[in-house]
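The values are calculated or read from the model by the stated rules, or taken from the named source; none is laboratory data. The structure presented is a predicted model; accordingly, all values stated were derived computationally and were not measured. What goes into the accessible areas is simple: the full protein's heavy atoms, side chains included, and nothing from ligands, DNA or RNA. Shrake-Rupley method; radii C 1.70, N 1.55, O 1.52, S 1.80 Å.
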Amino acid sequence: MQIKMNNVCKKVKGADLLSDISLTMESGNIYGFVGDNGAGKTVLFKILLGLMKKTSGSITINGAELNDLLQDVGFVIERPEYIPYYSAFKNLAVIAAYHKKADHERIREVLTMFGLDPEDKKTVGKYSLGMKQKLALAMAFLEDPAVLILDEPLSALDESSVSHAREKILEAKMQGKLIVVASHYKEDIQSLCDVVYKMKAGRIVAECREEPMNAVNL
């Protein structure tokens, strides 16, 4: 898969949230986005997902214009909403029922993948922040999507969970998925990303390939 953004801009009440974003991303790679809060990373991700409309520019998927929601994608962005009085398994079962791509065996697999017990009856409303973040990752991976868009995916996780989650993200890359990650942690960017874009005030101000750790300090 190839995703291409060409001169994408987003204005809200005269303010430029994104300006002239042009880049190309392809399957089998992890693309990192770094920058201070308010740099435009989350806005870019929402526009790519189709959750927010761009003001101008174009987005193409394998050459075809994207004018609606991005398909075959899993994502972690901001704080996902859960049904607080359902267990993790039941929350994912509700989501799986929409597209019917994931069965109960797959739900058990992704929960286990990120360190949650599929048999745990505890309601999600009683989960710690770390457990909720693990559930968010399980939700993103649930339907084995071709694209993963992960905004601060490892926040609130303990050290061992972070290491394990990084392994799963790298495995997804090796399976040929196109992965987009934003993180404030240098270790995430260094260990995961093939290409890193630094953003400032809604613009891409630097791009780094092969040595992504350097891009964080540009």
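Remark: relative contact order (the stretch 42-109) = 19 percent; criterion is Cα-Cα distance under 8 angstrom and separation of 6 or more residues.
Rg then Dmax, both in Å and based on the Cα atoms of the stretch 94-188: 13.2, 37.
Using C-alpha pairs under 8 Å with a sequence gap of at least 6, the mean separation divided by the residue count of the chain gives a relative contact order of 29 percent. Angle of helix 104-113 to the longest C-alpha principal axis of the chain, folded into 0 to 90 degrees and rounded to 10: 70°. Overall, the accessible surface of the stretch 76-218 at a probe of 1.4 angstrom is composed of carbon and sulfur to the extent of 50 percent. Beta-bridge orientation, the chain: approximately 55 percent antiparallel, per DSSP, counting only bridges with both partners inside.
For the chain, modelled as a GNM whose springs connect Cα atoms under 10 angstrom apart, the maximal fluctuation among Lys46, Lys126, Lys168 occurs at Lys126. Annotation for the stretch 154-173 versus the stretch 120-148: alpha-carbon center distance of 13 Å.
Helix 88-99 and the long axis of the chain differ in direction by around 60°, with both axes built from C-alpha atoms.
Over the C-alpha atoms of the stretch 66-130, the Rg to Rh ratio, Rh being the Kirkwood estimate, stands at 0.99. Diagonalising the gyration tensor over the Cα atoms of the stretch 1-71 and scaling each eigenvalue by 5 before taking the square root yields semi-axes of 19, 15, 10 Å, largest first. Relative to the longest principal axis of the Cα atoms of the chain, helix 129-141 runs at roughly 80 degrees. Please report Rg over Rh for the stretch 133-188, where both radii come from the alpha carbon positions and Rh follows the Kirkwood definition. The Rg/Rh ratio comes out at 0.92. Residues in the chain average 50 Å² of solvent-accessible surface per residue, probe 1.4 Å, ligands and nucleic acids excluded.
When the C-alpha to C-alpha distance is required to be over 31 Å, the pairs from Lys53/Lys122; Lys53/Lys198; Lys101/Lys122; Lys13/Lys134; Lys121/Lys186; Lys41/Lys101 that qualify are Lys53/Lys122; Lys13/Lys134; Lys121/Lys186. Legend: Rg and Dmax of the chain, from Cα coordinates, 17.2, 51 Å.
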